[in-house]
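> Quick one: the structure is below, questions incoming.
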Amino acid sequence: MLDCIGCINLTKLPKNLFLNCPSLIRLDFSGCINLIKLPKNLGITCPNLIMLNCSGCTNLTKLPKNLPSSLIALYCSYCTGLTKLPKNLGTMCPNLTDFFCVGCSKLTKFPKNLPLSLEKFYCSDCASLIKLPKNLSPNLKLLYCSDCTSLTKLPRNLPSSLTALICHNYTSLTKLPKNINITHPNLQIIYNKN
């Protein structure tokens with residue numbers, strides 16, 4: 001594990017830092033507020049990485065296009081400079097189960113295809129987010145999209161695996177998907193428009 005939590009003066013990483021790290025499984029840069037980019041080839045240099053945390057890296061504008069396929073958990077919450085995610089996130093990270101993208105205020109959309117393995121998707125407090133992907137993971141159990149003030153609707157076809165939908169303070173939401181109570185009998189809906 002490499003833990004660089006709260007290294008506020010860290011702006012970039014040495015090119016050869018991850019030259020060959022097959023045993024590295026956890027990488028934590030949370031709170032590195034001046035970090036402007038992550039290594040380009042994490043997918044090649046860290047092939048067994050299961051957790052990447054760059055939460056609170058407020059100067060980070062994008063994630064690497066090459067992330068490890070072994071990744072299970074991705075945390076990029078409160079990356080307030082983040083404007084886009086890799087288009088190929090769904091195919092690049094086929095084992096991703098937990099995706100936390102909370103408070104990314106400049107992010108307007110997610111890739112069309114998120115990983116099919118995704119079980120927990122947190123995208124609350126993304127004020128500029130205008131839509132969620134139409135096709136969410138068939139294994140998704142939790143969707144947390146509260147305080148997304150620019151979102152007006154949820155995807156029409158929510159996965160039947162969904163057991164928890166949390167969308168309070170969703171001020172632009174006008175209605176829930178049709179027949180949601182019939183198509184999702186195990187779903188606990190928490191919807192509170194303030």
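Each value in this text was obtained by applying a stated rule to the coordinates, not by laboratory testing. All values reported here derive from a predicted model rather than from experimental measurement.
> What is the diffusion coefficient of region 1-56 in µm²/s, taking the Kirkwood radius over Cα pairs and the Stokes-Einstein relation at 37 °C with a viscosity of 0.692 mPa s?
It comes out at roughly 288 µm²/s.
> Between Ser160, Ser69, Ser55, find the one with the highest GNM mean-square fluctuation for the chain; connect C-alpha pairs within less than 10 Å.
Sorting by GNM fluctuation, first place goes to Ser160.
> If I take all pairs of Cα atoms in region 73-150, what percentage of them are more than 15 Å from each other?
50
> So what's the back-of-envelope 222 nm ellipticity for the chain, counting only DSSP H runs of four-plus at -39500 (n - 2.57) apiece and dividing by all residues, rounded to 500?
One gets -1000 deg cm²/dmol as the mean residue ellipticity at 222 nm.
> Which residue fluctuates most in the GNM of the chain (Cα springs below 10 Å): Asn181, Asn135, Asn53?
Of the options given, Asn181 has the highest mean-square fluctuation.
> Next question, about the same structure. State the three equivalent ellipsoid semi-axes of region 1-146, derived from the C-alpha gyration tensor as the square roots of 5 times its eigenvalues, in descending order and whole Å.
Working from the Cα gyration tensor, I get semi-axes of 23, 18, 12 Å.
> Still on this structure, please answer the following. Please tell me the relative contact order of region 104-194 in percent, rounded to the nearest whole number, where contacts are Cα pairs under 8 Å and at least six residues apart.
24
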